[in-house]
Amino acid sequence: MDSLHLLAHPIRLRIVHAMGGGRLLTTAQLCARIPEASKATVYRHIDLLVGGGILEVAEERRVRGAVQRHYRLRQDRAVIGPEVVRTLTPEDHRQAFATAMTALLAEFTAYLDRDGADPVTDQVGYRQHALWLSSAELEELIGELRAAIAPKLANQPSPERAQYLLSPIHFPMEAPQPEPERQTTGAAEQEPDT
(Lines give C-alpha, C1' and ligand atoms only; values in the text may rest on other atoms or scores of the structure.)
Protein backbone atom coordinates (compact mmCIF):
# COMPACT_ATOMS: atom_id res chain seq x y z
CA MET A 1 0.00 0.00 0.00
CA ASP A 2 1.46 3.40 -0.96
CA SER A 3 1.77 6.39 1.41
CA LEU A 4 -1.35 8.06 0.00
CA HIS A 5 -3.57 5.07 0.79
CA LEU A 6 -1.87 4.45 4.11
CA LEU A 7 -2.42 8.04 5.25
CA ALA A 8 -5.93 8.31 3.79
CA HIS A 9 -7.61 6.96 6.91
CA PRO A 10 -8.52 9.10 9.94
CA ILE A 11 -7.16 6.68 12.55
CA ARG A 12 -3.88 6.13 10.72
CA LEU A 13 -3.55 9.89 10.25
CA ARG A 14 -4.11 10.41 13.99
CA ILE A 15 -1.44 7.81 14.77
CA VAL A 16 0.98 9.72 12.55
CA HIS A 17 0.05 12.98 14.32
CA ALA A 18 0.66 11.38 17.72
CA MET A 19 4.08 10.10 16.65
CA GLY A 20 5.39 13.52 15.53
CA GLY A 21 8.47 15.09 17.05
CA GLY A 22 10.52 11.91 17.28
CA ARG A 23 8.29 10.32 19.91
CA LEU A 24 8.55 6.65 20.78
CA LEU A 25 5.11 5.31 21.69
CA THR A 26 3.70 1.89 22.47
CA THR A 27 0.45 0.52 21.13
CA ALA A 28 -1.11 1.03 24.57
CA GLN A 29 -0.09 4.72 24.53
CA LEU A 30 -1.56 5.12 21.05
CA CYS A 31 -4.79 3.43 22.15
CA ALA A 32 -5.03 5.97 24.99
CA ARG A 33 -4.67 8.79 22.44
CA ILE A 34 -7.53 7.37 20.34
CA PRO A 35 -9.99 6.10 22.97
CA GLU A 36 -13.00 6.03 20.64
CA ALA A 37 -11.38 3.27 18.56
CA SER A 38 -11.14 -0.30 19.83
CA LYS A 39 -7.70 -1.64 20.73
CA ALA A 40 -8.00 -4.20 17.92
CA THR A 41 -8.63 -1.39 15.43
CA VAL A 42 -5.62 0.63 16.61
CA TYR A 43 -3.42 -2.50 16.52
CA ARG A 44 -4.56 -3.24 12.96
CA HIS A 45 -3.76 0.30 11.78
CA ILE A 46 -0.35 0.24 13.48
CA ASP A 47 0.42 -3.03 11.68
CA LEU A 48 -0.53 -1.44 8.35
CA LEU A 49 1.69 1.59 9.04
CA VAL A 50 4.60 -0.66 10.02
CA GLY A 51 4.06 -2.84 6.94
CA GLY A 52 4.03 0.26 4.76
CA GLY A 53 7.26 1.58 6.28
CA ILE A 54 5.69 4.68 7.85
CA LEU A 55 6.25 3.39 11.39
CA GLU A 56 9.16 1.27 12.54
CA VAL A 57 9.89 -0.63 15.72
CA ALA A 58 12.42 1.49 17.60
CA GLU A 59 12.86 -0.85 20.55
CA GLU A 60 11.41 -3.94 22.17
CA ARG A 61 11.23 -4.69 25.89
CA ARG A 62 10.02 -7.64 27.89
CA VAL A 63 7.25 -6.52 30.24
CA ARG A 64 5.62 -9.18 32.46
CA GLY A 65 6.49 -11.89 29.95
CA ALA A 66 5.21 -10.05 26.89
CA VAL A 67 7.13 -8.06 24.30
CA GLN A 68 6.34 -4.36 24.39
CA ARG A 69 7.23 -2.50 21.19
CA HIS A 70 7.96 1.20 20.98
CA TYR A 71 7.28 2.64 17.54
CA ARG A 72 8.88 5.58 15.79
CA LEU A 73 7.57 7.58 12.84
CA ARG A 74 9.65 7.56 9.68
CA GLN A 75 8.94 11.18 8.74
CA ASP A 76 10.50 10.75 5.30
CA ARG A 77 7.90 8.07 4.49
CA ALA A 78 4.91 9.88 6.03
CA VAL A 79 4.55 12.31 3.13
CA ILE A 80 2.65 12.39 -0.11
CA GLY A 81 5.00 13.79 -2.71
CA PRO A 82 4.14 16.25 -5.47
CA GLU A 83 4.44 13.54 -8.14
CA VAL A 84 1.61 11.61 -6.48
CA VAL A 85 -0.49 14.74 -5.92
CA ARG A 86 -0.33 15.53 -9.65
CA THR A 87 -1.98 12.17 -10.43
CA LEU A 88 -4.95 12.59 -8.09
CA THR A 89 -8.44 12.87 -9.50
CA PRO A 90 -11.02 15.30 -8.06
CA GLU A 91 -12.57 12.31 -6.27
CA ASP A 92 -9.16 11.40 -4.77
CA HIS A 93 -8.83 14.98 -3.49
CA ARG A 94 -12.38 14.89 -2.10
CA GLN A 95 -11.60 11.64 -0.24
CA ALA A 96 -8.25 12.90 1.10
CA PHE A 97 -9.81 16.18 2.28
CA ALA A 98 -12.66 14.30 4.00
CA THR A 99 -10.09 12.09 5.76
CA ALA A 100 -8.11 15.12 6.91
CA MET A 101 -11.24 16.87 8.19
CA THR A 102 -12.48 13.72 9.94
CA ALA A 103 -9.13 13.34 11.71
CA LEU A 104 -9.09 17.05 12.58
CA LEU A 105 -12.60 16.89 14.06
CA ALA A 106 -11.72 13.75 16.04
CA GLU A 107 -8.54 15.38 17.41
CA PHE A 108 -10.46 18.53 18.39
CA THR A 109 -13.22 16.50 20.05
CA ALA A 110 -10.63 14.48 21.99
CA TYR A 111 -9.01 17.76 23.11
CA LEU A 112 -12.31 19.26 24.30
CA ASP A 113 -13.24 16.01 26.11
CA ARG A 114 -9.94 16.04 28.05
CA ASP A 115 -10.09 17.08 31.71
CA GLY A 116 -8.84 20.62 32.07
CA ALA A 117 -9.17 21.58 28.40
CA ASP A 118 -9.08 25.37 28.24
CA PRO A 119 -9.30 26.77 24.70
CA VAL A 120 -8.49 30.32 25.88
CA THR A 121 -5.39 29.40 27.87
CA ASP A 122 -4.29 26.93 25.17
CA GLN A 123 -4.71 29.65 22.51
CA VAL A 124 -6.91 27.42 20.38
CA GLY A 125 -7.65 28.98 17.01
CA TYR A 126 -9.83 28.04 14.08
CA ARG A 127 -10.11 31.25 12.18
CA GLN A 128 -10.80 31.38 8.50
CA HIS A 129 -9.84 34.21 6.20
CA ALA A 130 -11.00 34.75 2.63
CA LEU A 131 -8.03 36.32 0.85
CA TRP A 132 -7.74 37.76 -2.66
CA LEU A 133 -4.41 36.51 -4.02
CA SER A 134 -2.72 36.33 -7.38
CA SER A 135 -0.77 33.16 -8.21
CA ALA A 136 2.45 34.93 -7.26
CA GLU A 137 0.99 36.17 -3.98
CA LEU A 138 -0.29 32.68 -3.12
CA GLU A 139 3.13 31.19 -3.82
CA GLU A 140 4.74 33.87 -1.65
CA LEU A 141 2.27 33.20 1.20
CA ILE A 142 2.86 29.44 1.04
CA GLY A 143 6.62 30.05 1.13
CA GLU A 144 6.26 32.31 4.17
CA LEU A 145 4.13 29.73 5.97
CA ARG A 146 6.64 26.97 5.20
CA ALA A 147 9.49 29.17 6.42
CA ALA A 148 7.64 29.78 9.70
CA ILE A 149 6.53 26.17 10.25
CA ALA A 150 9.49 24.08 8.99
CA PRO A 151 11.94 24.91 11.81
CA LYS A 152 9.30 23.99 14.42
CA LEU A 153 8.81 20.52 12.90
CA ALA A 154 12.18 19.51 14.37
CA ASN A 155 11.04 20.36 17.94
CA GLN A 156 11.21 17.39 20.27
CA PRO A 157 8.72 16.72 23.07
CA SER A 158 9.69 18.33 26.38
CA PRO A 159 7.95 19.22 29.65
CA GLU A 160 7.33 22.83 28.58
CA ARG A 161 5.93 21.89 25.14
CA ALA A 162 2.44 20.76 24.24
CA GLN A 163 1.79 19.13 20.88
CA TYR A 164 -0.39 21.34 18.66
CA LEU A 165 -2.09 20.32 15.45
CA LEU A 166 -1.70 22.99 12.77
CA SER A 167 -3.73 22.47 9.59
CA PRO A 168 -3.12 25.10 6.92
CA ILE A 169 -5.81 24.70 4.27
CA HIS A 170 -6.09 26.81 1.18
CA PHE A 171 -8.08 26.52 -2.03
CA PRO A 172 -9.70 28.96 -4.42
CA MET A 173 -13.29 29.75 -3.49
CA GLU A 174 -14.04 31.00 -6.98
CA ALA A 175 -12.27 31.23 -10.33
CA PRO A 176 -10.49 34.48 -11.22
CA GLN A 177 -12.82 36.79 -13.10
CA PRO A 178 -11.58 38.47 -16.27
CA GLU A 179 -11.54 42.25 -16.27
CA PRO A 180 -14.76 43.60 -17.79
CA GLU A 181 -14.27 45.38 -21.09
CA ARG A 182 -15.04 49.05 -20.96
CA GLN A 183 -17.53 50.36 -23.47
CA THR A 184 -16.67 53.60 -25.25
CA THR A 185 -18.96 55.81 -27.30
CA GLY A 186 -16.62 56.98 -29.95
CA ALA A 187 -13.38 58.92 -29.60
CA ALA A 188 -14.11 60.08 -26.05
CA GLU A 189 -16.22 58.66 -23.27
CA GLN A 190 -19.45 60.47 -22.59
CA GLU A 191 -19.86 61.80 -19.07
CA PRO A 192 -23.38 61.56 -17.65
CA ASP A 193 -25.21 64.83 -17.04
CA THR A 194 -25.61 65.71 -13.40
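The values are calculated or read from the model by the stated rules, or taken from the named source; none is laboratory data. Predicted, not measured: the structure shown is a model, and the values here were computed from it. Heads up, the Cβs are rebuilt from the backbone with ideal geometry, glycines too, and the neighbour counts pull from every protein chain shown. Please note that ligands, DNA and RNA were not included when accessible areas were found on the heavy atoms of the full protein model with its side chains. Shrake-Rupley method; radii C 1.70, N 1.55, O 1.52, S 1.80 Å.
Taking all protein chains as they are arranged and a probe of 1.4 Å, the heavy atoms of residue 5 leave approximately 100 Å² accessible to solvent.
For the chain, the solvent-accessible area works out to 77 Å² per residue, with a probe of 1.4 Å and every protein chain left in place. Between amide H atoms placed 1.01 Å from N, distances below 5 Å from residue 26 occur with 71, all of them 5 or more places distant or on a separate chain. Take the Cβ atoms of residue 130 and residue 163, set R0 to 30 Å, and the FRET efficiency comes out at 0.55. Remark: spin-label model distance residue 59-residue 179 equals 6.5 nm, labels positioned 7 Å along the Cα→Cβ axis. GNM on the chain, alpha-carbon springs under 10 angstrom: the most fluctuating residue among 111, 164, 126 is 126. Heavy-atom accessible area for residue 115, with the other protein chains in place and a 1.4 Å probe, reaches approximately 150 Å². Label sites at residue 145 and residue 105, each approximated as a point 7 angstrom past Cα along Cα to Cβ, lie 2.1 nm apart. Each stretch of four or more DSSP H residues adds -39500 (n - 2.57); spread over every residue of the chain, this sum gives -13000 deg cm²/dmol at 222 nm.
In the complete set of protein chains, residue-level accessible area for residue 140 is approximately 110 Å², probe 1.4 angstrom. Here the Karplus curve 6.51 cos²θ - 1.76 cosθ + 1.60, taken at θ = phi - 60°, turns the phi angles of the range 38-47 into couplings of 5, 4, 4, 5, 4, 4, 4, 5, 5, 4 Hz, with x standing for Gly and Pro.
Stretched out straight at 0.36 nm per residue, the stretch from residue 84 to residue 67 would grow longer than its current Cα-Cα span by 2.4 nm. For the set 169, 54, the ranking by accessible area, highest first and with no ligand, DNA or RNA atoms included, is 169, 54 under a 1.4 Å probe.
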